[in-house]
1. Under a point-charge model restricted to the Cβ atoms of Lys and Arg (+1) and Asp and Glu (-1), what is the dipole moment magnitude of the chain relative to its Cα centre, in debye to the nearest 20?
2. What is the extension gain from Asp29 to Ala186, computed as 0.36 nm multiplied by their sequence separation minus the C-alpha to C-alpha distance, in nm to one decimal?
3. Per residue of the stretch 163-170, what does 6.51 cos²θ - 1.76 cosθ + 1.60 with θ = phi - 60° give for ³J(HN,Hα)? Whole Hz please, x for Gly and Pro, Karplus curve as stated.
4. Scattering from the C-alpha atoms of the stretch 33-144 alone, worked out with Debye: what is log10 I(q)/I(0) at q = 0.10, 0.14 1/Å?
5. Given the rule -39500 (n - 2.57) for each run of at least 4 DSSP H residues, summed and divided by the residues of the chain, what is its mean residue ellipticity at 222 nm, to the nearest 500 deg cm²/dmol?
6. Determine the share of the stretch 1-196's accessible area contributed by carbon and sulfur atoms, expressed in whole percent, with a 1.4 angstrom probe.
7. Residue-wise, which Karplus ³J(HN,Hα) couplings in Hz belong to the stretch 57-67, taking 6.51 cos²θ - 1.76 cosθ + 1.60, θ = phi - 60°, and x for glycine or proline?
8. Counting only Cα, what are the radius of gyration and maximum Cα-Cα distance Dmax of the stretch 1-196, in Å?
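The values are calculated or read from the model by the stated rules, or taken from the named source; none is laboratory data. Since the structure is predicted, the reported quantities are computational estimates derived from the model, not experimental observations. As a convention, Cβ positions derive from the backbone with ideal geometry for all residues, glycine included, and neighbour counts pool all protein chains shown. SASA here: full protein model, heavy atoms, side chains in, ligands and nucleic acids out. Shrake-Rupley method; radii C 1.70, N 1.55, O 1.52, S 1.80 Å.
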Amino acid sequence: MTPGLVFIAFGPSYSYALIRVLYGRKWSDGEAPTVLRYYCFYIIILAMNGTSEAFLHAVASETQLKRSNDSLLIFSGIYVALNVLLIQSAGAVGLILANSLNMILRIIYSAVFIKRYFQDSSMAFGFRQCLPSGWMVLLLSGAVTHISERIFLDEENFWSTMFVHLSIGFTCFCVSSFVIYRRERAFINKIIRFRDHTD
């Protein structure tokens, strides 16, 4: 989930700048940066849903899988209704919100299943345990870069102010990467050793 957290931390604050650099002011002054900001949050929801549903499908019995499929059918109906309502009221952002709400329902269903699966075990389950050590630094970086965008980035003097905003983001990214690497070094080394062993 770390890539998803990086998207949340830095994506929303740099959506406008990215679109302005790649496609020019015609697109950056429209709806595109807002849609991209929402999509950055959608990424982490997708990651959580994929991970939790993969576990459910790996360990569930045939009866539990059938129950899960029945719930997906209900969630699909809710999703269609949300699409109709939210796209009419919020356009492309509404589509992302409808998808996000659908995924959140599926995550809740999977989380309840996983919690019951481990209830008689000595292991405890929580999505917070999936977060990397130092995730608070990423969230702090997100707040700093958001403030940076509001204070320093000027649409009229974009190129001169963009480098200040970009420098702040790069600094935050380096600090976040360093903190997470220091705290997760043992886990990262274990993955590298496992990969080298399997190769």
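1. The dipole of the chain has a size of about 500 debye.
2. Net length gain for the segment: 52.0 nm.
3. Per residue, the Karplus-derived 3J(HN,Hα) values read 5, 5, 4, 5, 5, 5, x, 5 Hz.
4. -0.38, -0.71
5. It comes out at -30500 deg cm²/dmol, rounded to the nearest 500.
6. Carbon and sulfur: 66 percent of the exposed surface of the stretch 1-196.
7. 5, 6, 10, 6, 7, 4, 5, 5, 5, 5, 5
8. 20.1, 61
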